[in-house]
Amino acid sequence: MKILKTFVLIFSLMFAAYPVHAALNVFACEPEWKALVDEIGGKRVTTYSATTAFQDPHHIEARPSLIAKVRRADLVICSGAELETGWLPLLLRQAGNANVLPGKTGYFEASAFVQRLDIPVTVDRSMGDVHAGGNPHVHLDPRRIAKIAIKLTERMQQLDPEGVRFYQHRQNDFDQRWQKAISQWQQLAIPLKGKRVVVHHKDWVYLFNWLDIKIAGALEPKPGLPTTVRHLVNLKQALKKSPASMAVYTAYQSPRAAKRLAQMTGLTAIELPYTIGGAEGVDDLFSLFDITIKRLLGGLK
Amino acid sequence: MQTKKMFYGKHIPIISCIFLMGAAQVATAKTGFNPDISLILDGRYGSYSNTSSYALPGFMLGGEAGRGETGLYLGHNELIISSNIDDMFYGKFTTAITDENNSTVTELEEAYIETLGLDYGLTVKAGRFYSDIGYLNNQHGHAWDFVDAPLVYRGLFGDQIIDDGIQASWVAPTDLYLKLGTEILRGGRYPAAGSTDGGLGAEAYFVKVGGDVGTSNSWQVGLSHWKADVSGRQAGVHAHGGSTATEIATFYGSSKVTGIDFVWKWSPNGNAREQSLKIQAEYFERKEDGRVDMVGSSPLETTTYKGKQHGWYTQAVYKFMPRWRVGLRYDKLGSRNNGSDADVLGEAGLVTNGHTPSRSTIMIDYSRSEFSRIRLQLSQDDSYSDSDTQLLLQYTMSLGSHGAHKF
């Protein structure tokens, strides 16, 4: 035990925790939630995103740096609906931070506060990476983001009572700008209505549901499984019967499959940002939808 | 990296009903009170150029140590049950079902509880668990990147240290990951053996430090120390020059192991889906002081024994395209053992006769999904003086809701 005590002493001196000035230390599983917390929290929060737009949020390793971040977090905000089951439970178990465990005020699952789509009637591993709780990629519908923002604000107010008015003011301001932006996006996206689009993975369900775009097929034979040549050939056959306008993929997915299909069929392959940082100029939630819609419209030409 | 996304058939109607009722507040679909149950299926084929019995000169082998069987055989088929017990505790139970000499043997590998909400970075674990020393020790065999354990794990730990006890660990509130931990163990199992000191025969200490370099790299370095008062550790597997081993080398004394481990992982932009590289290395050193008896000999053959053994391995595993990985590993061991009776030391397998055990391994594996893997491995094994070319083929599959693996 003496050795342990010495270790503790030496290391507490070496790595003395530096003071955190912000009232709330927030660990976001994905960049979109970091951006939303930043909108509402402003200077009162320090935020960290566990993933970037170039990483697949289904497949993240519970690496040491993430354990260290969760250890110090006041609030953990994630998509939920099983998107992070491969790594978040392990982080929470290893970090020894009681305030951010499921059920506690410091644990916020965004998808729990909105209606989810694609809830399967049955689930089986042979179906690929399906989520029993429904599709977790809820941030791609701005109307759902507006709802989540209200719930998130309440949560931040509970965690940081001194900032109640500050957060409320910022949420009101965000909501005004956001609602205005939503009607502009809807106007812009009218030409996309009813169009058929090939997707890489079922990341786009909420966006397409909002803009009334139809999914013409997926590049993944089954969710989470890599594309095969045979699957592409089948897809090409299906597209002959009922053509699509374009194929879309995200920054974290390999463009190869979409480009291959483009070669085979003459479709345009479009890279969409999917989240903050997923394309140049996408540095907040507003620019995420600005650029997503702009690129989709570009795909129509 | 494996996930638990699935339910069991009978719950689906209930769960679907909950969602159809529009209960959007339900935090996750994991509303069942059933624990996560997963089954690991492991089957192998082994082919060896050498038929003489396995030895590791300078090391008294025991535990699970030894090379695999010849031909088709089953590996470690495991049943794992785990769950959060309540808001304060998590529990895990692992049993391995193996075949030994045509009879089915059940081994209890893990049975522990762990605190969840202790706060301040503290976690306490109690029960039977894999010790957290080294990097590979607390990983299940099915999570290894090669079919078999590194030689240093085989030689010092009998593949892995599993013991009964209590572990306390603390994660520092720093940006750099720092974890300190200690274990008080019963020491009743190999390599401690004997449950001395009133059933508190072994202890362990570890420090782990880790972090990221940019978004593409992450690393971890660990230091660990394990010691035990050994009372009657038997060499389970040991070559005895053709004769039937009725005399069993048995060690009494103190044993201390110190190790350093290192792992570095790279993937482009931190996205391991398409491509990744993992480099790891570990070094261990063991000092032992006591005596070795040849139990079963008459009159009893005995010798004093002062041993110093060390070993290291380094390996790299490269995922060059989705589903496919290749790996390289190199092992090397060394020892310097002294005692009053060189003949007895020799019988106990503690004399090297100038041989330095080493092994080179190459493997390639294919994972259809994160739940299935098929692996081919080729080794040039110079564990002992007869060089052995080994070919191993293995499948590892996991059924059910399997928890995530550690870094």
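Throughout, read-outs are computed from the coordinates displayed, never taken from laboratory work. Because the structure is predicted, anything quoted here is derived from the model rather than measured. Cβ placement follows ideal geometry from the backbone for every residue including glycine, while neighbour counts extend to all protein chains displayed.
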Considering only C-alpha atoms, what is the centroid distance from the range A:114-187 to the range A:190-248, in Å? 24 Å
Let me spell out the model: positive unit charges on the Cβ of Lys and Arg, negative unit charges on the Cβ of Asp and Glu, origin at the Cα centre of the range A:18-128. What dipole size does that give, in debye rounded to 20? 540 debye
As a test of the formula, what do you get for chain B when each DSSP H run with n ≥ 4 contributes -39,500 (n - 2.57) and the sum is divided by the residue count, at 222 nm and rounded to the nearest 500 deg cm²/dmol? -1500 deg cm²/dmol
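In percent, how large is the relative contact order of chain A, given Cα pairs closer than 8 Å and 6 or more residues apart?
About 16 percent, as a whole number.
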Pick out, from B:Q394, B:Y54, B:I97, the residue whose Cα sits farthest towards the positive end of the charge dipole of chain B, with +1 on the Cβ of Lys and Arg and -1 on the Cβ of Asp and Glu. B:Q394
A correct fewest-to-most ranking of A:I77, B:I80 by other Cβ atoms within 10 Å would be B:I80, A:I77
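For chain B, calculate the relative contact order in percent as a whole number, restricting contacts to Cα pairs under 8 Å that are 6 or more residues apart.
Values: 1071 pairs, mean separation 71.1, N = 407.
About 17 percent, as a whole number.
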Tell me which of A:G299, A:L235, A:L267 sits at the most positive position along the dipole axis of the range A:191-300, charges placed on C-beta atoms (Lys, Arg +1; Asp, Glu -1). A:L235
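Taking a ≥ b ≥ c as the square roots of the eigenvalues of the Cα gyration tensor of the range B:141-209, is the shape rounded (a/c under 1.5), prolate (a/b larger than b/c) or oblate? Don't skip to the answer; put the middle values down first.
Numbers: a/c = 2.87, a/b = 1.14, b/c = 2.51.
Oblate is the answer for the range B:141-209, as a/c is 1.5 or above yet b/c matches or exceeds a/b.
Would you tally the net charge around A:Q176, using a Cβ to Cβ cut-off of less than 14 Å, leaving A:Q176 out, and scoring K and R as +1, D and E as -1?
On the way: positive: A:R170, A:R177, A:K180; negative: A:E39, A:D173, A:D175.
Result for the local shell: 0.
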Fluctuation leader among A:G41, A:G194, A:G106 - chain A, Gaussian network, Cα springs under 10 angstrom: A:G194
Pairing the Cα long axis of helix A:2-14 with the longest principal axis of chain A, what angle in degrees results, from 0 to 90 and rounded to the nearest 10? 70 degrees
So, over other residues within a Cβ distance under 11 Å of B:E78, counting Lys, Arg +1 and Asp, Glu -1, the net charge is -4
Sorting check: for B:376-386, A:163-173, which peptide has the highest mean count of neighbouring beta carbons within 10 Å, and how do the rest follow? B:376-386, A:163-173
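About its Cα centre, what dipole magnitude does the protein assembly as shown give when the only charges are +1 on Lys and Arg Cβ and -1 on Asp and Glu Cβ, stated in debye to the nearest 20?
On the way: 74 positive and 72 negative charges, 625 e Å.
Its charge dipole is roughly 3000 debye.
If you average the sequence gap of Cα pairs under 8 Å that are 6 or more apart and divide by the length of the range A:191-300, what percent do you get for the contact order? Don't skip to the end; give the middle numbers.
On the way: 168 pairs, mean separation 25.7, N = 110.
The value is 23 percent.
Could you tell me whether the range A:42-116 comes out rounded, prolate or oblate from its Cα gyration tensor? Rule is a ≥ b ≥ c as square roots of the eigenvalues, rounded for a/c under 1.5, then prolate if a/b exceeds b/c, otherwise oblate. The partial results should precede the final answer.
On the way: a/c = 1.22, a/b = 1.04, b/c = 1.17.
It comes out rounded by the Cα gyration axes.
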Going through the cross-link list A:K34/A:K222; B:K125/B:K332; A:K195/A:K259, which pairs have a Cα-Cα distance over 24 Å in this structure? A:K34/A:K222; B:K125/B:K332
Across the residues of A:79-89, average count of Cβ atoms on other protein chains within 10 Å? 5
What whole-number distance in Å separates the alpha-carbon centres of the range B:125-185 and the range B:44-64? 24 Å
For chain A, calculated [θ]222 nm from helices alone, where every DSSP H run of n ≥ 4 adds -39500 (n - 2.57): -13500 deg cm²/dmol
